[in-house]
Amino acid sequence: MPRPIPTSAPRYTPLAIVLHWLLALAIVGAFGVGLYMVDQPFSLGRLKLYNWHKWAGVSILALSALRLLWRLTHRPPAPPAGPLWQQRAAHLVHGLLYALFFALPLAGWAYSSAAGFPIVWFGLLPLPDFVPVDKALAETLKLTHRWLAYGLAALVLAHVAAALKHQLIDRDGLLLRMWPARR
């Protein structure tokens, strides 16, 4: 599918903004729960956290698909003027973010399948296992999921730092393009 040509519109579309912030909140929430739940002793509370984390992961996967579809069919605002290296870095970080929006929940889903713990989205929709139960594979996928999560966290921090740099140092209004409400 060809990439849409950037538009001269100063802001992203309202749906793009909603999907961005919804996905941001879901990722931060899932990451926080993921960090917290692994250190808890075995209990019903821990099992509930694992289920919530899985539900969040599947929701992030669905939101990511919707967001990518929207992004591929709707022109974004033109990139801000600036050094070519910054534009390339922004393009690379955005590409890696999108890749991890998919790779991370899929690795978690595969880990859950390999460990023999099915995912029932919000307790209503059983999802198919897409890898066989295999303890060694589960351990590998568990580490893969963890390192992908750390990678996504690092990219999110870089993304936030760049947005703040544009807002506070460059004062070019870049952050307002994705901010939910205009001043």
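Please report, in whole Å³, the volume per residue of the convex hull around the C-alpha atoms of the stretch 130-183.
98 Å³
Of Gly45, Gly151, Gly29, which has the largest mean-square fluctuation in a 10 Å C-alpha GNM of the chain?
Taking springs between Cα atoms under 10 Å, the residue moving most is Gly45.
How big is the accessible area of Arg46 in square angstrom, nearest 10, if you roll a 1.4 angstrom probe over the protein chains?
Here the residue's solvent-accessible area equals roughly 50 Å².
Can you grab the distance from the C-alpha centre of the stretch 50-126 to the C-alpha centre of the stretch 145-183, Å, no decimals?
Computed from Cα coordinates, the inter-centre distance equals 16 Å.
Would you mind working out the magnitude of the charge dipole of the chain relative to its Cα centre, with +1 at each Lys and Arg C-beta and -1 at each Asp and Glu C-beta, to the nearest 20 Debye?
580 debye
Report the dimensions of the chain along its three principal axes from the alpha-carbon atoms, largest first, rounded to Å.
51, 33, 30 Å, listed from the longest principal axis down.
Tell me what the chain gives for mean residue ellipticity at 222 nm when only DSSP H runs of n ≥ 4 count, each as -39,500 (n - 2.57), the sum divided by the residue total, rounded to 500 deg cm²/dmol.
-23000 deg cm²/dmol
Among Ser113, Ser64, Ser43, determine the one that fluctuates most according to a GNM of the chain built with springs between C-alpha atoms less than 10 Å apart.
Looking only at Ser113, Ser64, Ser43, the largest GNM fluctuation is found for Ser43.
Can you give me the relative contact order of the stretch 114-183 as a percent, contacts being Cα pairs under 8 Å and 6 or more apart?
Value for the stretch 114-183: 18 percent.
Mind telling me which of Pro132, Pro80, Pro41 comes out most flexible in a GNM of the chain, alpha-carbon contacts under 10 Å?
Pro41
Looking at the stretch 85-161, I'd like the Rg to Rh ratio, where Rg is from alpha-carbon atoms and Rh is Kirkwood's inverse mean 1/r.
1.11
The values are calculated or read from the model by the stated rules, or taken from the named source; none is laboratory data. Note that the structure is a prediction, hence the values are computed from the model and not measured. FYI the Cβ positions are ideal-geometry reconstructions off the backbone, even for glycines, and counts take in every protein chain you see. Please note that ligands, DNA and RNA were not included when accessible areas were found on the heavy atoms of the full protein model with its side chains. Shrake-Rupley method; radii C 1.70, N 1.55, O 1.52, S 1.80 Å.
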